[in-house]
Amino acid sequence: MAASTGAADAAAASDSTGPASSVPSMGSPAIQYSMVLEHLVGEKRPIKDLSPGVMGGLPVPLKSDEQKMIERGMESCAFKSVLACVGGFVLGGAFGVFTAGIDTNVGFDPKDPLRTPTAREVLKDMGQRGMSYAKNFAIVGAMFSCTECIIESHRGKSDWKNAVYSGCVTGGAIGLRAGLKAGVLGCGGFAAFSAAIEYYLR
């Protein structure tokens, strides 16, 4: 009987102390929701380094001032124009030599069409035609690249409209040497060609 009375007293004691232990005491600080938010998304949130090395990717070294200056130079309109000019010169020269190679009248003298041209005369004519094509392609490439870069910088967008506007400006400037009508036709033709190229590439 005494044993059962002792067990009942112990159970009552555990019941009375159980709920009290689960409730925090008045002396301990309460966790507030606003404090948690401040540490998660507020001003007290710790700033973490999101570099690729920390995120699990390959570590990328910090760029030096010389590398940043080179990148800015390569992204400038002047560099893009020079690059397009050189590329147009090479492409135009190759195209001119190719067209001269398939032309049956290359090297012939208009004053004496019956005379067979020598190899030196044929090569000279091919070189002149290649140089002419190279100059024209270089001018067109430089003008198109420069105007496209300026328009893109002014608009702040990189879309197909930049190429269309640049083609119109380039074609119009080239065609104006032959008159206003040729300038309008050149603007429309270059703009349509640029739009077709952009549509095909994009």
note = Those residues of the stretch 115-157 which are aromatic (F, W, Y) and in contact (Cβ under 8 Å) with a residue 60 or more places away in the chain amount to F144
task = State which residue is farthest from G96 (Cα to Cα) when the search covers only the stretch 137-153 and only residues that are surrounded by fewer than 20 Cβ atoms within 10 Å (Cβ to Cβ) and within 17 Å of the chain's Cα centre (by Cα).
result = S153
Test: residue in the stretch 154-162 that is under 23 Å from F95 (Cα atoms) and either open to solvent by less than 70 Å² (accessible area, probe 1.4 Å) or within 41 Å of the chain's Cα centre (by Cα) (or both) = no
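Output the number of residues of the stretch 94-142 satisfying the condition of being of a type in the set (D, E, K, R), out of contact with any helix residue (DSSP H, G or I) (no Cβ under 9 Å at 6 or more places or on another chain) and in a helix (DSSP H, G or I).
3
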query = Since T99 meets every condition but one in (1) open to solvent by 40 Å² or more (accessible area, probe 1.4 Å); (2) at pLDDT 85 or above; (3) more than 33 Å from the chain's Cα centre (by Cα), which condition does it not meet?
reply = (1)
note = Apart from one, (1) closer than 28 Å to E75 by Cα; (2) modelled with pLDDT of 90 or more all hold for H154; the odd one out is (2)
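The values are calculated or read from the model by the stated rules, or taken from the named source; none is laboratory data. Keep in mind it's a predicted model, so treat the numbers as computed, not measured. All Cβ positions, even for glycine, are placed from backbone atoms using ideal geometry, and neighbour counts span all protein chains on display. What goes into the accessible areas is simple: the full protein's heavy atoms, side chains included, and nothing from ligands, DNA or RNA. Shrake-Rupley method; radii C 1.70, N 1.55, O 1.52, S 1.80 Å.
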